[in-house]
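Right, one structure below, let's go through it.
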């Protein structure tokens with residue numbers, strides 16, 4: 001298994017891993033980004049995924065298996081360990097590791113001291129540029145992407161491999177070596193069979209800390225133990241900036257071009273590119289791919305500053321940690337075999353022709369140089385670089401964000417057209433008979449609809465939440481001469497001021513951030529038809545002024561535009577607010593109020609239409625039967641009686657939801673009182689004269705009933721105070737809106753969520 005894996009289900013194709021990968025070893029395919037291990041250099045940049053889709057494979061299980069094998073297992077601490085394990089002494093860390101079961105604990109800095117003479121010998125006898133090989137990410141970079149520089153690699157093993165060979169020569173091949181560091185590339189390094197023979201596992205410092213926690217070990221509470229092996233002395237400076245040169249006994253003058261030392265991704269890449277191009281020819285190049293060197297590797301301590309970690313390393317270097325060097329180490333000589341060879345691991349990708357790049361660019365609507373935004377949203381520096389990656393199979397054409405946004409705009413227009421066609425067909429199927437009710441109030445509303453429908457008159461529909469305002473608008477539109485034209489519905493509470501303005505009137509390209517193309521507004525989309533503005537009382541004074549101008553002049557001006565366009569639109573508005581009070585209080589324009597209130601229809605709340613409760617309940621039961629595909633035969637009289645005496649703060653919509661819920665709970669096809677929320681049973685009991693002193697259930701059941709009743713009554717009170725507005729009710733109750741919605745659902749209270757699409761919520765026609 002590779003050291004880094006991808007959790008497909010977590011990937012959101014944000015392309016952050018593509019952006020951060022220095023060698024583009026990420027392939028986007030099948031809706032997720034996966035690592036191309038043949039190109040990967042193990043730098044660990046992709047581990048910064050915001051969704052944690054890229055993770056390091058846990059090697060703790062393997063380490064536990066090694067510790068349980070009975071063979072001696074040696075822990076080797078990378079040079080940077082004092083900057084991570086700073087909350088306890090090095091001796092306590094050694095004690096903690098030995099408590100885990102490690103036979104010995106060594107400092108990896110001794111590996112740097114062992115390879116130092118070999119570095120000096122190679123520099124002395126070689127007349128061409130030599131590149132350090134102690135950083136596995138740099139080695140992989142050259143082997144996989146710059147094979148031209150293979151002859152320039154120092155033919156010497158890394159300090160980690162030197163330690164592995166040293167320990168196994170001293171203890172025998174049965175000994176196991178576990179290397180601990182910040183380096184992720186080291187996990188990739190031991191994938192090579194040659195290296196795996198000497199280093200059995202690589203753990204990050206974070207994995208060791210987790211190991212301690214799982215075993216219940218706190219090194220800070222342990223007595224110090226001595227290091228094993230050989231004191232590395234100045235080799236401890238290896239991890240610091242400029243430290244490798246000192247640890248390897250390489251004299252340098254930073255004003256001298258013979259020696260080049262650099263750290264960090266950008267510097268390393270620049271130097272490698274210059275070397276490959278022949279622009280520089282120093283004698284020796286010392287590179288470490290991580291910013292700040294090994295102390296800032298992917299497995300670093302992110303809570304400390306680089307300067308503070310540097311001080312920790314220097315302080316430790318100047319200290320005298322306890323050492324207990326065994327006789328077999330005092331007499332042992334450094335391994336003879338510290339040489340290493342390297343090979344070409346590069347993958348030859350197909351090179352596109354200019355016409356191939358143009359074809360891919362054209363596919364993403366880039367026909368000129370001005371169309372190439374080079375926004376880097378896809379993870380590539382330029383649009384052409386992305387096109388090349390698409391040709392090579394490394395990227396997907398759909399990664400282009402501006403292209404996708406334009407396509408979404410096109411798709412939106414197509415969906416709008418389809419919606420209108422379906423809406424008209426649905427209206428034909430619904431007919432007027434879907435306005436259910438046999439009460440006098442309902443008859444009055446129907447009569448008003450029949451009178452105003454065929455006219456072009458502006459209509460203002462008033463009523464509480466859930467009384468059927470959108471259905472009334474649809475009925476009016478269906479009876480109008482515009483019935484074959486669009487009916488566009490806009491919920492004014494779902495969008496911010498700026499977004500609503502853009503939705504209503506459209507916008508020009510560049511009008512604001514994200515406006516990448518011209519866009520028609522909903523008034524223009526409704527040209528020739530009807531626009532229904534639901535919750536008109538919630539629009540801001542600025543939009544009120546714009547709407548008034550449109551009603552006066554019949555013109556729309558897109559946001560950011562200078563020209564206007566004539567539109568012929570019938571306006572139907574609806575509100576659950578007192579607009580007259582709004583005029584008096586100053587939050588609603590008086591002139592707009594009079595333009596809207598030409599013909600007013602007041603929808604009565606369900607509590608004033610109790611005569612229609614039976615027919616409405618049967619209607620909704622039939623709807624539930626079709627939706628649930630369940631045998632439902634009727635509603636018992638007790639349930640109807642309770643419903644007729646309920647106040648229905650959520651009106652028709654609440655009733656529909658409660659009937660559906662009861663239908664789900666019905667066992668025999670009959671909706672019974674027991675299938676309704678508890679408040680209905682309480683209402684029925686009160687009317688039936690059940691004495692409060694008579695115990696009908698257990699204490700627990702009684703308590704739950706009364707608590708539930710109190711909770712429900714409180715919710716209904718807050719809703720009533722808020723005029724049916726859930727957001728306002730949740731604020732009055734000091735309860736998060738999501739929690740308030742859950743309480744509504746729990747108590748069977750149906751209130752319209754103000755999250756409907758701009759084209760309606762699919763609610764069928766009942767008043």
Sort out which residues of the range 368-391 are in contact with a helix residue (DSSP H, G or I) (Cβ under 6 Å, 6 or more places away or on another chain) and touching a residue at least 60 places away in the same chain (Cβ under 8 Å), and write them in order of number.
-> 377, 378, 379, 380
With (1) surrounded by fewer than 18 Cβ atoms within 10 Å (Cβ to Cβ); (2) modelled with pLDDT under 90; (3) assigned to a helix (DSSP H, G or I) as the list, and residue 735 as the residue in question, which single condition is left unmet?
-> (3)
Within the range 689-714, of all residues that are modelled with pLDDT of 75 or more and within 18 Å of residue 642 (Cβ to Cβ), the one nearest to the chain's Cα centre (by Cα) is 712
Among (1) more than 34 Å from the chain's Cα centre (by Cα); (2) in a loop (DSSP other than H, G, I, E, B); (3) surrounded by 11 or more Cβ atoms within 10 Å (Cβ to Cβ), where does residue 373 come up short?
-> (1)
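Per-residue answers, yes or no, for (1) in contact (Cβ under 8 Å) with a residue 24 or more places away in the chain; (2) in contact with a strand residue (DSSP E or B) (Cβ under 8 Å, 6 or more places away or on another chain); (3) surrounded by fewer than 17 Cβ atoms within 10 Å (Cβ to Cβ); (4) not in a loop (DSSP other than H, G, I, E, B):
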| site | (1), (2), (3), (4) |
| --- | --- |
| 551 | yes, yes, yes, yes |
| 588 | yes, no, no, no |
| 594 | no, no, yes, yes |
| 600 | yes, yes, yes, yes |
| 615 | yes, no, yes, yes |
| 627 | yes, no, yes, yes |
| 639 | yes, yes, no, yes |
So is residue 561 in a loop (DSSP other than H, G, I, E, B) and either under 45 Å from the mean Cα position of the chain (by Cα) or closer than 30 Å to residue 458 by Cβ (or both) or not?
-> yes
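The values are calculated or read from the model by the stated rules, or taken from the named source; none is laboratory data. Small disclaimer: the values here were computed from a predicted structure and weren't measured. As a convention, Cβ positions derive from the backbone with ideal geometry for all residues, glycine included, and neighbour counts pool all protein chains shown.
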